[in-house]
Amino acid sequence: MSDSPQNSRLGLSGAGEFSAANLALLALLTVFAFLVMGYHPGLEDDAFYLAAIKRNLNPALFPHDSEFFRLQFQATIFDKLIAWSVRLSHLPLAWTALLWQVAAIFLLLHGCWRISRRCFSGASAQWAAVTTVAVLLTLPVSGIAMTLADQYLHPRTLATAAILAAIVAVIDRRLWLAGVLLAIAFAIHAIMASFGISFCFFLFWSLRTSQTRRPSAMPVTAALLLPLGWLFEPASDAWRQAAATRSFYFIGRWEWYEWLGVFAPLILIYVLQRFLRAEDRSDGSALPPLVSSLLYYGVFQTAAGLLVMLPPSLERLRPFEPMRYLHLLYLLFFLIGGGLLGRYVLDRKIYRWLLLFVPLSAGMFYAQRQMYPASAHLELPGVTPQNAWLQAFAWIRQNTPVDSLFALDPRYVTLPGEDYHGFRALAERSVLTDYDKDGGMAARVPRLAPRWLKEVNAQSGWRNFQATDFQRLKNEFGVTWVILSRPAAEGPDLQGMTCPYQNRQLQVCRLY
């Protein structure tokens with residue numbers, strides 16, 4: 001990579017960014033971040049992503065319900081990419097997904113480190129910036145039900161890594177490369193890429209403004225980024241009930257601390273912008289324009305998000321989740337904050353690094369263990385799961401026909417001991433829709449909403465079901481198996497079924 005004048009003033013070189021020593025340190029930091037955040041394949045949104053990958057590898061899977069992930073994933077190459085890598089490497093999917101997860105974290109941290117090198121001249125500041133991000137990868141982003149990175153392979157992490165690389169390219173004035181990287185991000189995760197495109201626009205404008213030293217102002221052309229071309233479908237009652245499962249769609253109901261998480265970073269970024277102007281550093285650092293562009297991006301996207309999310313007449317736009325711009329804002333905010341800590345506080349004092357990052361890492365680790373207490377912190381391939389639900393899913397995967405259709409409590413992911421693991425992804429069998437995760441998919445793909453509502457309503461009162469209720473599901477939907485989360489002595493009448501598997505929490509029964 002050729003050096004720009006800015007990089008030369010900071011004493012950076014392209015070779016340094018890819019030197020063996022620096023890459024080795026980033027690899028160690030990646031492993032550390034992985035150990036802190038944990039690994040849980042099949043968790044939450046991975047119920048869709050992993051199922052889509054598995055169907056790519058085996059089209060016989062999910063004959064009854066593939067549309068609950070297939071329709072939305074027509075717009076992404078993610079599942080096709082992972083499936084292709086499985087075929088190319090001849091590795092099992094479980095190991096391939098694990099390697100991709102580690103690679104995604106590494107690429108994200110490498111992008112953070114490259115940005116930090118353009119913002120801070122000292123190694124302490126550069127490594128403090130990327131270490132801060134590494135430790136905080138599972139930090140929740142205010143109000144939008146997501147973290148900086150997920151505990152499973154998610155296209156958002158790969159798209160974010162591409163966006164960070166595009167930010168570096170914009171700083172280096174390599175706009176053609178930035179365009180290619182943003183196109184890759186868009187192919188992986190269109191919504192996150194749109195925020196990356198928006199930020200890169202503001203960054204390019206801020207860099208030009210700082211170069212010519214004109215007064216800062218938000219460009220009117222930013223309004224061109226508003227998504228004016230979307231086609232609306234009329235909202236149905238079924239769609240509204242599906243949308244109601246996503247509390248973050250209704251920002252008028254957000255708590256005060258969620259709004260604090262929106263506006264406090266903007267205020268702090270504004271204060272930092274004023275501080276950097278007063279400091280008047282002339283070392284060619286990209287920090288001042290990066291901070292300015294982050295402020296403009298945050299203000300603009302906040303206004304756009306409120307415009308879309310608040311009016312009832314625009315309710316059909318809520319699944320596009322414009323407030324998710326906060327993900328990139330939080331990531332860059334903590335990257336900059338960590339760098340400033342490294343410059344002004346940590347320096348090269350090892351004890352200061354330990355005093356900051358050891359308790360912070362321990363706190364993040366503890367939070368993860370509290371979130372998923374019934375599961376191993378690292379759910380690695382080949383290790384027998386300790387979670388009773390995962391044990392049942394494994395038995396189902398190995399002992400039931402591929403064309404089976406299951407039913408279980410429609411709120412099963414929130415039951416004690418389940419820990420938000422997805423049935424489809426891990427049992428590899430079709431299932432009637434659940435309230436929580438499939439409701440979110442129905443909110444994004446309105447044509448699924450009537451089916452979602454019909455199946456959820458058919459399972460209403462699950463905990464009081466008796467033999468006649470299970471036979472009704474078989475007659476109406478073709479259900480052939482059910483999972484019951486009650487001991488047989490306290491459970492329903494098992495007439496009309498046989499239960500070949502049970503563990504301490506569950507029994508798997510076949511209807512006949």
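Coordinate-derived values only; no laboratory data. Since we're looking at a predicted model, the values are computed, not measured. Neighbour counts are summed over all protein chains in view; Cβ atoms, including those assigned to glycine, are modelled from backbone coordinates with ideal geometry.
Overview of values
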{"item": "Principal semi-axes in Å for segment 405-469 [√(5λ), Cα gyration tensor, largest first]", "result": "18, 16, 11"}
{"item": "Over the chain - Rg/Rh using Cα atoms and the Kirkwood inverse-distance radius", "result": "1.00"}
{"item": "Packing-based order for 434-443, 355-364, using average beta carbon neighbours within 10 Å, highest first", "result": "434-443, 355-364"}
{"item": "Segment 306-393 - Debye-derived log10 I(q)/I(0), Cα point model, q = 0.17, 0.24 Å⁻¹", "result": "-0.91, -1.10"}
{"item": "Linear extension gain, Ile350 paired with Arg173, 0.36 nm per residue minus alpha-carbon span", "result": "60.1 nm"}
{"item": "Descending principal axes extents, segment 88-207, alpha-carbon based, whole Å", "result": "45, 34, 32"}
{"item": "Phi-based couplings in Hz for segment 115-132 (Karplus 6.51, -1.76, 1.60; Gly and Pro marked x)", "result": "5, 4, 5, 8, 9, 10, 7, x, 4, 4, 5, 4, 6, 5, 4, 6, 5, 4"}
{"item": "Packing-based ranking, highest mean first, of 35-46, 411-422 given that Cβ atoms within 10 Å are counted", "result": "35-46, 411-422"}
{"item": "Compactness of segment 22-83, expressed as Rg and Dmax over alpha-carbon positions, Å", "result": "15.5, 49"}
{"item": "In Å, descending, principal axis extents of the Cα set of segment 411-512", "result": "40, 30, 23"}
{"item": "Cα coordinate range in segment 328-437, projected on the principal axes (Å, largest first)", "result": "61, 30, 23"}
{"item": "Environment charge of Ile336, counting only residues whose C-beta is closer than 12 Å and scoring Lys/Arg +1, Asp/Glu -1", "result": "+2"}
{"item": "Residues with amide H under 5 Å from that of Leu378, placed H, sequence gap 5 or more", "result": "Tyr39"}
{"item": "Sites Ala123 and Thr468, calculated FRET efficiency, Cβ-Cβ separation with R0 56 Å, nearest 0.05", "result": "0.20"}
{"item": "Estimated 222 nm signal from helices in the chain, with DSSP H stretches of n ≥ 4 weighted -39500 (n - 2.57), rounded to 500", "result": "-18000 deg cm²/dmol"}
{"item": "Inter-site label distance for Tyr366 and Thr414 at 7 Å from Cα along Cβ, in nm", "result": "2.7 nm"}
{"item": "At R0 = 22 Å, FRET efficiency that the Cβ-Cβ distance of Arg397 and Arg510 yields, to 0.05", "result": "0.90"}
{"item": "Computed FRET value (nearest 0.05) for Leu494 with Phe250, which takes r as the C-beta separation and R₀ as 41 Å", "result": "0.50"}
